[in-house]
Amino acid sequence: MRFRPELDPLRPYRPPHLAKELEADRGPAGYVKLTMNELSFGPLPGAEAAVRESLARANRYPEREAAALREAVAAANPGSSTANVIIGNGSSEVLSNLLAILERPGEIVYPWPSFSLYPAIARILGLESRPVELTAEKAVDPEALLAAVTERTRAVVLCNPNNPTGTCLPLAAVRELAASLPEEVLLVLDEAYYEFVSDPAYAGSHELALSTPNVVSARTFSKVHGLAALRVGYGIAPEPVADYFERVRFPFSVNAPAQAAATASMREGDLIRKRARFVIEERERLQSAFAAAGYDYVPSQGNFILAKIPADLFERGGVLVREGEALGFPGWSRITVGDSGENDRVIEAISAR
Ligand code: PMP
């Protein structure tokens with residue numbers, strides 16, 4: 001067979017302690033798993049009930065347009081209509097479909113280190129990659145991003161807050177970046193962690209996608225909604241972008257239980273915001289503990305913290321975290337903010353040096 005040679009360097013990502021992570025996923029285990037920026041609580045009760053109800057109709061294909069889900073997303077994002085809502089099998093698929101609609105040949109520009117999926121999707125979809133270094137403070141440098149844009153650039157992908165650093169470009173700076181980019185370049189805001197941003201001014205970020213023809217805001221049900229297993233992502237996009245997106249979207253890519261759960265969860269804005277506040281408080285508690293123990297960390301706006309603490313210190317305390325080496329920060333670790341008990345274990349682990 002003749003495989004595409006550009007796929008040769010791609011390898012599935014295997015964390016070094018995969019067996020222990022799977023053990024932790026199976027239930028009460030010796031290890032606490034804080035490796036994947038998941039939420040440590042289950043879905044909201046209403047979302048769980050909606051899944052159960054949808055199973056009775058599992059003989060039927062899912063609702064083709066996911067109308068209820070789109071309506072719930074539009075209602076939660078003032079100023080948008082269902083024509084602005086795009087959906088996918090996780091925000092990973094939303095990002096992939098967004099890049100699939102852009103003209104070839106071309107390249108994507110993105111800050112680096114960031115989410116490893118960007119260069120991988122680009123390679124799979126036949127786009128080139130142009131990573132742009134973060135600043136010394138591990139933050140995004142919008143001017144450097146702009147300077148990296150060339151005639152071949154089809155999209156700038158901005159992870160905001162950035163995984164794994166947790167830094168967040170303020171909305172005013174994102175707006176300025178959007179205004180300075182050529183109109184043919186799509187600005188993809190990957191806002192997987194946006195509910196954890198504590199700056200109230202960031203809340204209306206989706207409006208940028210409604211007022212600017214080349215901005216899309218991509219979000220997920222995998223984090224604050226606690227629905228990672230169901231794989232649902234969405235985005236707010238200008239109508240022409242949403243229209244092209246629909247051309248490449250696989251029919252039924254968001255399954256029926258996932259549509260039901262996401263719709264129910266999106267309608268519970270107050271409960272979701274309460275969860276986000278809990279995570280933010282716990283994030284501050286962990287950061288204070290790191291500071292008190294004399295460890296360097298990057299103040300985070302996500303549900304995770306990048307800290308200059310070796311991963312094996314956590315592991316000795318029964319806590320699995322993501323080793324910084326694989327994320328571009330050797331000697332550092334990315335710690336997901338868990339529930340109170342899990343976060344207590346994190347604090348115990350760093351106290352036991
Ligand atoms: N974007 C970022 C920045 C992420 O960290 C993740 C998950 N780790 C995703 C997108 C993808 O999430 P999902 O496909 O589960 O929505």
Exercise. Which of the residues belonging to region 322-352 are more than 17 Å from Lys138 (Cβ to Cβ) and not in a helix (DSSP H, G or I)?
Worked result: Thr336, Val337, Gly338, Asp339, Ala352
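Of these, Ala29, Ala19, which one is open to solvent by 60 Å² or more (accessible area, probe 1.4 Å) and at pLDDT below 95? Talk me through it step by step, then tell me what you get.
Numbers: Ala29 fails: open to solvent by 60 Å² or more (accessible area, probe 1.4 Å).
Of the residues listed, the single one that is open to solvent by 60 Å² or more (accessible area, probe 1.4 Å) and at pLDDT below 95 is Ala19.
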Seminar exercise, completed: Per the filter on region 295-322, residues touching a Ser or Thr at 6+ places or on another chain (Cβ under 7 Å) and touching a residue at least 24 places away in the same chain (Cβ under 8 Å) are Val298, Gln301, Asn303, Phe304, Leu306, Ala307, Ile309, Phe314, Leu320, Val321, Arg322
Exercise. Can you name the residue in region 254-277 that is in a loop (DSSP other than H, G, I, E, B) and either aliphatic (A, V, I, L, M) or within 15 Å of the ligand (Cβ to nearest atom) (or both) and, of all such residues, is most open to solvent (accessible area, probe 1.4 Å)?
Worked result: Asn255
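Residue-wise test of (1) polar (S, T, N, Q); (2) crowded, with 17+ Cβ neighbours inside 10 Å.
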| site | (1), (2) |
| --- | --- |
| Pro238 | no, yes |
| Arg247 | no, no |
| Phe252 | no, no |
| Asp296 | no, no |
| Ile305 | no, yes |
| Gly324 | no, yes |
| Thr336 | yes, yes |
| Gly341 | no, no |
| Ile350 | no, yes |
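Give the residue that is most open to solvent (accessible area, probe 1.4 Å), with candidates limited to residues of region 195-232 that are over 24 Å from Pro45 (Cβ atoms) and within 14 Å of the ligand (Cβ to nearest atom). I'd like the intermediate steps shown before the answer.
If we filter region 195-232 for residues that are over 24 Å from Pro45 (Cβ atoms), which is where we start, we get 197-218.
Among the residues that remain, those that are also within 14 Å of the ligand (Cβ to nearest atom) are: 197, 216-218.
Working: Val197: 20, Val216: 0, Ser217: 1, Ala218: 0 Å².
The qualifying residue most open to solvent (accessible area, probe 1.4 Å) is Val197.
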Exercise. Mind checking which residues of region 278-294 are open to solvent by 10 Å² or more (accessible area, probe 1.4 Å), more than 27 Å from Leu95 (Cα to Cα) and touching a residue at least 40 places away in the same chain (Cβ under 8 Å)?
Worked result: Glu282, Arg285, Ala289, Ala293
Problem set entry | Tally, over region 141-194, of residues that are within 13 Å of the ligand (Cβ to nearest atom), open to solvent by 10 Å² or more (accessible area, probe 1.4 Å) and free of Cβ contacts under 8 Å to residues at least 60 places away in the same chain | 1
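Would you pick out the residues in region 306-318 that are touching a helix residue (DSSP H, G or I) at 6+ places or on another chain (Cβ under 9 Å) and either at pLDDT below 95 or assigned to a helix (DSSP H, G or I) (or both)? Give the steps one after another, and end with the answer.
Kept after step one, since they are touching a helix residue (DSSP H, G or I) at 6+ places or on another chain (Cβ under 9 Å), are these residues of region 306-318: 306-311, 313-318.
Hits for region 306-318 are Ala311, Leu313, Phe314, Glu315, Arg316, Gly317, Gly318.
The values are calculated or read from the model by the stated rules, or taken from the named source; none is laboratory data. Values in this document were obtained by computation on a predicted structure and should not be read as measured data. Here the Cβ is made from the backbone with ideal geometry for all residues, glycine too, and neighbour counts use every protein chain on show. Accessible surface areas use protein heavy atoms only, side chains included; no ligands, DNA or RNA. Shrake-Rupley method; radii C 1.70, N 1.55, O 1.52, S 1.80 Å.
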